[in-house]
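Novice: Mind having a look at this structure? Questions to follow.
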There are 2 protein chains.
Amino acid sequence: MSEEIKNTRLLLEAVEARDSENFLESANVTHYADLAEIYVGLNGEERDFFTTHIDMESLAEVIPELPDTLVEETMERLDTEEQREILDQISDDDRVDILQDVSDDTRERLLELVEPDDIEITKTLLKYDESTAGGRMTTHFASIFGEMTVQEALESLRKESDETESFARVYVVDSKDKLCGYVRFRDLAFNSRDTIISDFMRPVKRYILASADQEEAVQLVSKYDLFVLPVVDEQHRILGIITHDDVVEILEEESTEDMEKMAGFSGEGSEETYLNTPTMTHFRRRFPWLFGLAILAIASGIVMMKFEGVLNSLFILSLFLPMIVSAGGNTGGQASTMVIRAMALGELDQDSIMRVAWKELRLGLMLGALLGIGMALVTMIFVPMFYHDMPAEVSFIKFGITVAVAMAIQITSSTLVGSLLPLGARAAKIDPAIVAAPAITTIVDVSGMVIYFFVAKAILGL
Amino acid sequence: MSEEIKNTRLLLEAVEARDSENFLESANVTHYADLAEIYVGLNGEERDFFTTHIDMESLAEVIPELPDTLVEETMERLDTEEQREILDQISDDDRVDILQDVSDDTRERLLELVEPDDIEITKTLLKYDESTAGGRMTTHFASIFGEMTVQEALESLRKESDETESFARVYVVDSKDKLCGYVRFRDLAFNSRDTIISDFMRPVKRYILASADQEEAVQLVSKYDLFVLPVVDEQHRILGIITHDDVVEILEEESTEDMEKMAGFSGEGSEETYLNTPTMTHFRRRFPWLFGLAILAIASGIVMMKFEGVLNSLFILSLFLPMIVSAGGNTGGQASTMVIRAMALGELDQDSIMRVAWKELRLGLMLGALLGIGMALVTMIFVPMFYHDMPAEVSFIKFGITVAVAMAIQITSSTLVGSLLPLGARAAKIDPAIVAAPAITTIVDVSGMVIYFFVAKAILGL
């Protein structure tokens, strides 16, 4: 696709040279997704040039592609007439997205610029939270009445063709907009013109309430390989559709969000790319967890202080201290990742807790036993090669057993903690991804120290 | 959707009672995705009953929905005639998926059962790796010739209608199958019947080579909001299309895979759900990394042993040892997650290394400075409250400075390591997700110990 790279280069050169003629020429042949990407990378003056010289029709396609944080400042670069034109050109759901991305003051001002024709639907859509099916749907779906003939249906669709996003499913409604069924567009094209729609329409088996979470929509689309998912209200009136591009967007957002939470990030994920997100935003999202976890980690230090006597009476214990502590974090992190991902894919319900616990308990015991035995062998075989101060009453065998037992307990308990904490979080209505790896690691670090020192005291009699 | 839950219950009861009549009745009204889900949960005898009594047409829809690991054993439950029927009923790409999921012997045997009509396309598709665009595409796309009239095109499409997955894009090809353009199905339906296709077809700007990685396909579809992505060979002949459900599947698989690798899992992710994956499979995927990381963690222990003198001369150092060590893991894990996700979303190319390094260096310095100062204050204010054995030549102020400096160095260096290691891995053609959190944590644990003890020696003169 070198054509695209060439265009991008020409466009950037035109912006830098403030050459409006070449700018317009390149902009006209550039995809709006690429235009948005270029715009994001420009500085303030260049963005002024961009918004001043691009035609409003193109800009109306570019703005919905921008990261949320850039929407307001971009709208502010336009005069009132231009803003009015953007709000008119744009689709209903994109208009609502813009209004949701700007500050309250700006929203009120912009709402006054919305054409009277569009104001009602805009205000209705504004009520749905951005992360619900209603907040995601597009209202540009194809609908016909059951009493129509194929001929009438095609004529009615032809009139709406420009504004309809997908014809893959044509929904059949009654006079109150209630969803009665659907036909495929090809069924219309290939049926004889005087057939009545209701004679061959199919029932709509999968639909979603506008108030439902967007994740539920994705799970339905993914499981049943749906082209389009209709969104309805409590009276089963069709309000809009969720299309493939919404699903792709939701999937990417949710996965990113989960990964970030699992790595200990605060706040909402940015829609901007990594490099375009300001360093201060990165900082604000990373600092709180790091600080909290650092304070928590002092608990491990307190444990170490408390067991100063044990450690000093046999300092070789410290050779395996980091290993036993970190094994808990690693195994707990694995277990929590498995469980959090399974929940995100809709595989686990609240009743699964016992089955998860049983599975992870067995896994923890198996992993703990095998790693324990492995480390006991390492201890008994290699440590005597370089360590010659082992007190007679301890012996390498007892030392190996200590390491093995501590390792086994630490891994088993960490596996259980790692798998059950996310389930517990969900039961307590906390986002499970939040209690993932870093939090679990810090918790099992403390327990690992305690386990190790207690086992050492018990077995070695220190 | 209580209708579905009721059906599922009836179906399960029928299977348990071995009641073939009720089984068939329920199976006929159950979606194949649900049938597959039910089948996965059955035991061996129940699966026998299921495959014996379901009609082959339904089974042909169920098998492609099964996890890879179940495909072979399910095919083996059928006799040769039934296998032949399944291979005939199924779409080309699903047939190839089955053949790729079974052992070499079974594949050869099954290939002989493929109808002569289908054998050539099957063998061609088998050449593409499952994770390439060619391996993912469906060959059931709609195509017409540019010289056709709209009337001719519609007639030709009508004949293919049953076997065509998506009419959203109808591709225009020449006599050598070369991709010349596309029309939307609605353009056909709404245009006058004698218009020539090439007069109104549009150019195809986005397409992908069959040999390209599936991730590239997803990035194109996602960026340009495509309905359908055509897959071509080197001669620009259209071979198939990637549709929305392929994209959803790829996205879910890749995200799961990345999360699992980032949490330290070995091997390929299972397509089965968490609960349906055998415990031994979970074990095998978790053990190798845990073992490797445990061995690596002994390095931290060796560092502790080496600095026994420092630690013993001022044991209060151990109060902050776990904090400084784990802060590196946490901050390195955050940085690596950010960078790995940005790479997966196609945001970073090899040239970005310097920009990433610069961004993370600043971030590391900011986080390190602020956390260092915070911990210095904690040290200077709270430690004197309970610790009264501080040697005069050390002083709480110097001790606080030690903690602050070690924390700052540890966080800055870990942030850099966490962000650059995944980029380095990619440059070395290793999957970046593999060097994520657990590996980075273990590495910076060691460096954290070294940093802390060296700083303590330098500042406190121990």
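The values are calculated or read from the model by the stated rules, or taken from the named source; none is laboratory data. Source: prediction; values computed, not measured. Don't worry about glycine lacking a Cβ; one is built from the backbone with ideal geometry, like all the others, and counts go over all protein chains shown.
Novice: Taking the condition touching an Asp or Glu at 6+ places or on another chain (Cβ under 8 Å), modelled with pLDDT under 95 and over 21 Å from B:Leu251 (Cβ atoms), does B:Gln151 pass?
Specialist: Considered against the rule, which asks whether it is touching an Asp or Glu at 6+ places or on another chain (Cβ under 8 Å), modelled with pLDDT under 95 and over 21 Å from B:Leu251 (Cβ atoms), B:Gln151 comes out as yes.
Novice: Name every residue in the range A:170-215 that is of a type in the set (Gly, Ala, Ser), more than 14 Å from every other protein chain (Cβ to nearest Cβ) and either exposed (fewer than 14 other Cβ atoms within 10 Å of the Cβ) or within 18 Å of A:Glu147 (Cα to Cα) (or both), in order of residue number.
Specialist: A:Ser175, A:Gly181, A:Ser198
Novice: Say we look at the range B:350-366 and pick out the residues that are out of contact with any Ser or Thr (no Cβ under 8 Å at 6 or more places or on another chain) and within 8 Å of chain A (Cβ to nearest Cβ); which of these is modelled with the highest pLDDT?
Specialist: My answer is B:Arg355.
Novice: Go through the range B:95-136 and give me each residue that's over 19 Å from B:Val71 (Cβ atoms) and assigned to a loop (DSSP other than H, G, I, E, B).
Specialist: Matches in the range B:95-136: B:Glu115, B:Lys127.
Novice: In the range A:417-439, which residues are touching an Asp or Glu at 6+ places or on another chain (Cβ under 9 Å) and either closer than 22 Å to A:Ala376 by Cβ or without any contact (Cβ under 8 Å) to a residue 60 or more places away in the chain (or both)?
Specialist: The one that is touching an Asp or Glu at 6+ places or on another chain (Cβ under 9 Å) and either closer than 22 Å to A:Ala376 by Cβ or without any contact (Cβ under 8 Å) to a residue 60 or more places away in the chain (or both): A:Ala425.
Novice: Residues of the range A:275-304 being at the interface with another protein chain (Cβ under 7 Å from one of its Cβ atoms), over 20 Å from B:Gly368 (Cα atoms) and not hydrophobic (A, V, I, L, M, F, W, C), which ones?
Specialist: A:Ser300
Novice: Here is a further query. Mind checking which pairs have a first residue in the range B:70-82 that is of a type in the set (Ser, Thr, Tyr) and a second that is not in a helix (DSSP H, G or I), Cβ under 8 Å, 6 or more apart or different chains?
Specialist: Listed by first residue and then by second, the contacts come to B:Thr74/B:Leu66; B:Thr80/B:Leu113.
Novice: Kindly evaluate A:Gln350 against the criterion of being touching a Gly at 6+ places or on another chain (Cβ under 8 Å) and either within 28 Å of A:Val247 (Cα to Cα) or outside the structural domain of A:Ile373 (by TED's automatic domain parsing) (or both).
Specialist: Here the answer is no, as A:Gln350 does not meet what is asked.
Novice: Hey, another quick one. Considering every residue within the range A:369-378, establish whether at least one is touching a Gly at 6+ places or on another chain (Cβ under 7 Å) and either more than 7 Å from chain B (Cβ to nearest Cβ) or under 28 Å from B:Ile324 (Cα atoms) (or both).
Specialist: Checked the range A:369-378: at least one residue is touching a Gly at 6+ places or on another chain (Cβ under 7 Å) and either more than 7 Å from chain B (Cβ to nearest Cβ) or under 28 Å from B:Ile324 (Cα atoms) (or both).
Novice: Let me spell it out: the conditions are (1) buried (at least 21 other Cβ atoms within 10 Å of the Cβ); (2) farther than 27 Å from B:Phe167 by Cα; (3) at pLDDT 90 or above, and A:Asp258 meets all of them except one. Which number is the exception?
Specialist: (3)
Novice: Residue under question is B:Gln219, and the condition is that it be over 30 Å from B:Gly448 (Cα atoms) and assigned to a helix (DSSP H, G or I); does it hold?
Specialist: Considered against the rule, which asks whether it is over 30 Å from B:Gly448 (Cα atoms) and assigned to a helix (DSSP H, G or I), B:Gln219 comes out as yes.
Novice: Just give me the residues in the range B:41-60 being crowded, with 19+ Cβ neighbours inside 10 Å and under 29 Å from the mean Cα position of the chain (by Cα), in sequence order.
Specialist: B:Leu59, B:Ala60
Novice: Can you name the residue in the range A:305-342 that is within 33 Å of the chain's Cα centre (by Cα) and more than 9 Å from chain B (Cβ to nearest Cβ) and is also surrounded by the fewest Cβ atoms within 10 Å (Cβ to Cβ) among such residues?
Specialist: Residue satisfying both the conditions and the ranking: A:Gly328.
Novice: So which residues in the range B:225-242 are over 21 Å from the mean Cα position of the chain (by Cα), within 11 Å of another protein chain (Cβ to nearest Cβ) and surrounded by fewer than 19 Cβ atoms within 10 Å (Cβ to Cβ), if there are any at all?
Specialist: none
Novice: Restricting the first residue to the range A:155-167 and requiring it to be within 7 Å of another protein chain (Cβ to nearest Cβ), which pairs with a second residue that is outside any helix (DSSP H, G or I) and surrounded by 13 or more Cβ atoms within 10 Å (Cβ to Cβ) meet a Cβ separation below 9 Å and a spacing of at least six or different chains?
Specialist: Listed by first residue and then by second, the contacts come to A:Ser161/A:Ala142; A:Ser161/A:Phe167; A:Phe167/A:Ala142; A:Phe167/A:Arg184; A:Phe167/B:Phe167; A:Phe167/B:Ala168; A:Phe167/B:Arg184.
Novice: Can you name every residue in the range B:137-156 that is of a type in the set (S, T, N, Q) and in a strand (DSSP E or B)?
Specialist: Selection gives B:Thr138, B:Ser143, B:Thr149.
Novice: Would a scan of the range B:390-401 turn up a residue that is within 11 Å of chain A (Cβ to nearest Cβ) and in a helix (DSSP H, G or I)?
Specialist: no
Novice: Separate question: Exactly one of these conditions fails for B:Glu347: (1) more than 27 Å from A:Ala299 (Cβ to Cβ); (2) more than 9 Å from chain A (Cβ to nearest Cβ). Give me its number.
Specialist: Status for B:Glu347: all satisfied but (2).
Novice: Oh, and also: Tell me which of these B:Phe382 doesn't satisfy, since it passes every other one: (1) within 12 Å of chain A (Cβ to nearest Cβ); (2) surrounded by 15 or more Cβ atoms within 10 Å (Cβ to Cβ); (3) without any contact (Cβ under 8 Å) to a residue 60 or more places away in the chain.
Specialist: It fails just one condition, (2).
Novice: Under 9 Å between Cβ atoms, at least 6 apart or on separate chains: pull out the pairs that start in the range B:295-323 with a residue that is assigned by TED's automatic domain parsing to the domain that holds B:Val383 and more than 25 Å from B:Val383 (Cα to Cα) and end on any residue that is among the hydroxyl-bearing types (Ser, Thr, Tyr) and outside any helix (DSSP H, G or I).
Specialist: B:Met305/A:Tyr387
Novice: Mind checking which residues of the range B:154-174 are modelled with pLDDT of 90 or more and of a type in the set (Ser, Thr, Tyr)?
Specialist: Within the range B:154-174, B:Ser156, B:Tyr171 qualify.
Novice: Which residue, of A:Arg158, A:Arg169, is basic (Lys, Arg) and under 33 Å from the mean Cα position of the chain (by Cα)?
Specialist: The match here is A:Arg169.
Novice: Here's something else I'd like to know. Among the residues of the range A:442-459, is there at least one that is more than 11 Å from chain B (Cβ to nearest Cβ), farther than 28 Å from B:Ser318 by Cβ and touching a helix residue (DSSP H, G or I) at 6+ places or on another chain (Cβ under 9 Å)?
Specialist: Looking through the range A:442-459, none of the residues is more than 11 Å from chain B (Cβ to nearest Cβ), farther than 28 Å from B:Ser318 by Cβ and touching a helix residue (DSSP H, G or I) at 6+ places or on another chain (Cβ under 9 Å).
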